[in-house]
Amino acid sequence: MKPVNFTQIEGKSFGYWALLGVLGAITLTGFVAAMYMEHHGHYVTGMTNQIVWGMPHVFAVYLIIAASGALNIASIASVFGKAAYEPLAPLSALLAIALLTGGLVVLILDLGRPDRLIIAMTYWNLKSIFAWNQLLYNGFFVIVILYIWFMMEKRMRKYSKVAGMIAFIWRLILTTGTGSIFGFLVARQSYDAAIMAPMFIMMSFVAGLAIYILVLMIAYSWTGRELGDSVLRRLKNLLAVFISAVLYFVLVYHLTNLYAAEHHGIEAFILLGKNGGSQYSSIFWGLQILIGSVVPTIILFSSLSSQRLMIGIASALAVLGGLAQMYVIIIGGQAYPLDIFPGMEIVNSGFMDGMSVAYSTSLPEIILGAGMGFGVALIMVVIGISVLRFLPQSLADEIVDPHYVAKASS
Amino acid sequence: MAASKEMTDQSRRSFVKQTAAGAAAMSVVPGVILYDVARAARDPGDAVTDRTRWGMLIDANKCVDGCTDCVTACHEENGVHQLGRPATDAQWIRKVHLRDKQTGREYGIPVMCQHCEHPPCVDVCPTGSSFKRADGIVLVDKHICIGCRYCMMACPYKARSFIHEDVTGQAVHAPRGKGTVESCTFCIHKVDAGEGTTACVQACQHDALVFGDLNDPDSRISRELAKYPSRQLRADLRLNLGVRYRNI
């Protein structure tokens, strides 16, 4: 292995400014969408008193778990001592901060009163998982920024392993907190399950890694830097393993529910589309399982993945699958009616009890969630790699692969 | 000697009389005072205490099919206006008509915030905006609600509404605001004024709703609960609800 030389990207080309311009425009549109929702109130969205968390939450929660997952690549180097991942660590940490910022911006702008953010920071109910999460997210920023500093500053490099270790533990707690937002909700049939926390951790591994692969491939391709097969081979194999692990958690979650008569309703709703759940069962089987999990796993484990484009496509499909899974969990979980009167059939109700309320997302929600969320995150990455030395000059095999043997000598 | 004996007897007699009167007063007055404290208007400067726990008993057998007087009265009292958008309009109380899947028996009941002793909405609220008053009434502090809607995710009874658009025609005693969450307040403005009742109870012409102090064994609600069987919605959650149902 040769020493790794980290450099900024030049950041002067037309392409650089064009990219920032496009991302800026997307982000601005997201902000306008948020202002539109705030001005008129949430009735202009697809959200209702039954589907209280809509598309913005799907994107926000996805970005938040992706953030902790993106840091995983750095952890493989610092915690598990894999030398090949060391050159990948700084970008991993930058992406973690960027994705978390994107997710939190969406979450805040979707509040009924985003102007009261200061209240959220000054009034604390320490029994609330949201309150814990505020501490965990802020702590994550501090720890990851210190970690980046320790990695980049020669004098501090000796502490980077410890910082990486703390960051790894912190991110596990953080994603446990995110999964527990749903896991601790006793009221709803599809939540109230301890498996939510570990499942969210595994989902974060997929989300963070898939986005990392895409950002890495695009960054190296557009800046003309060399990206060796060795790096990509490791990352894509890992992605396939993570996707399979998420499938395992999904299987256990549904099997547990299917065993208990109490949960047969929600399972028929999500898995078979009964009682108005067809939207969710199609997204579950079509997007989450087939296109978002099975197809990318097949691509990544087969010889198809010898082509870079296919690795990119598989990563993009994994992101799509993750978003679909988040949609089924968040929206599907709310769409299934609350079981307030077990054993009773609801003949009629003044508040749509017992009915699955259709949710059709609105344009402002998608623009806010996707535009603002990914927009802010990617702008931070683009600016980050142009002002600080996050990217290795080259990720060619002879630099990255500890087992590299020059072809000429073999 | 005889005269002095007479005087002694009289003084003894008056002592006994006064003591008896005093004892009688001692045993009755506290009850009267307590009764008055419970019923009287609470001075705004005085803290609410847990000596009282407000609750409601709803009798499904008395609740008349098709009658929504309680719903209308609640929404009029609290300035909750419907805008013709059922999915986003606020509902503080609604009528639910149910049929037993096995037996076919049907009944209707009003459902509102159940004023839990252990409210999940209060647990999850990040700012402490959702809170339970010492007298058991679960409320939203509109000044510190950030509109995150986590309480609505946590409530097992779908009792809360998010204000999806600008509100007009607010009642002075029930401030509302776009972007915050709200629900039944057990008409605290009436309770605090010493009326000891709510708008829905007053509106019910069928005596299906009883409001009162669950901690007072002599209140009508406590007497009826002690005498007849009653149920809580989702009793499996062990939330110890302030609202109880009969004949469901």
- prompt: In nm, to one decimal, how far is the residue A:142 label point from the residue B:65 one, both placed 7 Å along Cα→Cβ?
  reply: 6.3 nm
- request: Could you give the DSSP H helices of chain A that reach 15 angstrom or more along their long axis (alpha carbon positions) and whose average Kyte-Doolittle hydropathy is no lower than -0.5?
  value: A:14-40, A:55-70, A:89-109, A:129-152, A:160-183, A:196-222, A:229-259, A:308-327, A:373-387
task: Quickly work out the residue B:143-to-residue A:162 label distance, labels modelled 7 Å from Cα along the C-beta direction, and quote it in nm with one decimal.
output: 4.5 nm
Mean separation of Cα contacts under 8 Å (6+ apart) over length of chain A, as relative contact order %: 33 percent
- line: At R0 = 41 Å the Cβ-Cβ FRET efficiency linking residue B:206 and residue A:271, nearest 0.05, sits at 0.40
Per-pair calculated FRET efficiency, R0 = 45 Å: residue B:195 and residue A:229 via Cβ, rounded to 0.05: 0.05
task: For residue A:117 and residue A:82, calculate 0.36 nm times their separation in residues minus their Cα-Cα distance, and state this gained length in nm to one decimal.
output: 8.5 nm
field: FRET E, pair residue A:389, residue B:85, Förster distance 45 Å, beta-carbon r, rounded to 0.05
entry: 0.25
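Which net charge results for the neighbourhood of residue A:390, defined as the other residues with beta-carbon distances under 14 angstrom from its beta-carbon, given Lys and Arg at +1 and Asp and Glu at -1?
Net local charge, residue A:390 excluded: -1.
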- request: Would you calculate a helix-derived [θ] at 222 nm for chain A, using -39,500 (n - 2.57) for each DSSP H run of n ≥ 4 and dividing by the full residue count, to the nearest 500?
  value: -19500 deg cm²/dmol
task: Could you size up the charge dipole of the protein assembly as shown around its Cα centre, putting +1 on the beta carbon of Lys and Arg and -1 on that of Asp and Glu, and report it in debye to the nearest 20?
output: 1360 debye
field: Separation in nanometres of the label points that stand 7 Å from Cα toward Cβ, at residue A:124 and residue A:186
entry: 2.5 nm
- request: Return the subset of B:95/B:132; B:62/B:227; A:127/B:178; B:62/B:95; A:82/A:161; B:132/B:227 for which the Cα-Cα distance in this structure is over 19 Å, preserving the input order.
  value: B:95/B:132; A:127/B:178; B:132/B:227
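Bear in mind these aren't lab numbers, they're just calculated from the coordinates by the rules spelled out. The structure presented is a predicted model; accordingly, all values stated were derived computationally and were not measured. Because the Cβ atoms are built from the backbone with ideal geometry, glycine has one as well, and the counts that use them run over all protein chains shown.
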